[in-house]
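The values are calculated or read from the model by the stated rules, or taken from the named source; none is laboratory data. Source: prediction; values computed, not measured. Cβ placement follows ideal geometry from the backbone for every residue including glycine, while neighbour counts extend to all protein chains displayed.
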Amino acid sequence: MTAIRRDPLDYLGRELDSLRRQGLYRHLRVLEDEQKPKATFDHRQVVNLSSNNYLGLTTHPRLREAALEATRRLGVGSGSVRTIAGTMDIHMELERRLAAFKKTEAVVVFQSGFAANAGTVAAVLTKDDVVVSDELNHASIIDGSRLSKATIKVFPHKDVGAARKVLQELPSSQRKLLITDGVFSMDGDVGVLPELCALAEEFDCIMMVDDAHASGVFGTNGRGTIDHFGMHGRVDIQVGTLSKAIGALGGYVAGSNALIEFLYHRARPFLFSTSHPPAVAAACIAAIDVLEREPSIIDRLWDNTRFFKAGLQTLGFNTGMSESPITPVIVGEGSLAMKLSDRLFEEGVFAQGIAFPTVARDKARVRTIVTATHTRDELQFALDVFGRVGRELGILHG
Ligand SMILES: Cc1ncc(COP(=O)(O)O)c(C=O)c1O
């Protein structure tokens, strides 16, 4: 008689029950049409304040055509990792275009921004080195740091004095990587690049910036925070994503020829995971064309950002320290943030609730992101709903 096997994963069910009891269980909302400012999720048409589609490029005709043309001409897949048979002309063209756009010697493209960050940090550091990292840096930086086995020193958010103290206590001979997000994804505030670049120079650190949320948003033609702050030449490793403002999928590292050649040889996502389908590379190249030829869409993004942020603040919401199109509405308790998000959705506005462990336990929030393609009517509708639901839940008074 065979014994009935106990499910070795039954503890996962208990973890999920615990999330349900805390009101933190997350239902995946399903998008039933295109990723647009007004979209249908879970059979309901809503004003969509949850995407990273800053410039509306997910549905831009030029990108769509480029992807279709590349698919017709080159097929649907690359068939291999880059280092074996999966480097196509179109991948090299994308890297050349990105390098020119970012004003660096070279660029390597990864399958995602996550892979770019994690793969790069893990490749350039060893167990003898140190990562000095802002406490709110993205999870992919944290994971890459862990993979590298380097010592991880975390400094309080944007606290340059604390970062300096950490650096002062390290032997000058030890290799150090100082790293910050350009725009922080949960708070929408901007990294202190000039101060950190100066610190990196003083203490002879490698300087790295993750500009995932800044590329296409900050700087001339959307070149990012390095351009915004005039830091060209002072950041050794720049990471960007092709999955947010660029509207498709992927990540990249921009820097010196030596850095990029080294990553070609040592970055594990580059070595061990298949490269992009031609359609993705073609769409990204078309997106760079759009940034170079139609910078007015970035102006529209910022007009909408100013309008919506001011509207939330006038209503009386706590929008934290946001300086970008990411504007959080901070409510405190995780269950309240989820309740706010659910009620907004019922009233026709999709803004994702975010709680611990993604943000601190007492800083749960609903995160809003406007895009260049939202109309004023859509944003005003969303503000009206926010006001009504905020009063209903006791977040706003009066
Ligand atoms: C700051 C930051 N870096 C990197 C990433 C990863 O980018 P991707 O979605 O292309 O993997 C994200 C996306 O969530 C992010 O917010």
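Computed values, structure above
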read-out: Among (1) surrounded by 17 or more Cβ atoms within 10 Å (Cβ to Cβ); (2) aliphatic (A, V, I, L, M); (3) more than 22 Å from the chain's Cα centre (by Cα), the one test that M208 misses; value: (3)
read-out: Single match in V132, V109 (criterion: in contact with a His (Cβ under 9 Å, 6 or more places away or on another chain), of a type in the set (A, V, I, L, M) and either within 13 Å of the ligand (Cβ to nearest atom) or not in a helix (DSSP H, G or I) (or both)); value: V109
read-out: Test: residue in segment 297-320 that is within 16 Å of the ligand (Cβ to nearest atom), among the β-branched types (V, I, T) and modelled with pLDDT of 95 or more; value: no
read-out: Which listed residue, of R146, R64, is of a type in the set (K, R), under 23 Å from the mean Cα position of the chain (by Cα) and within 16 Å of the ligand (Cβ to nearest atom); value: R146
read-out: Test: residue in segment 12-31 that is more than 24 Å from D362 (Cα to Cα) and touching a residue at least 24 places away in the same chain (Cβ under 8 Å); value: yes
read-out: Output for segment 112-129, where each listed residue is within 14 Å of the chain's Cα centre (by Cα) and either at pLDDT below 95 or part of a helix (DSSP H, G or I) (or both); value: G113, F114, A115, A116, N117, A118
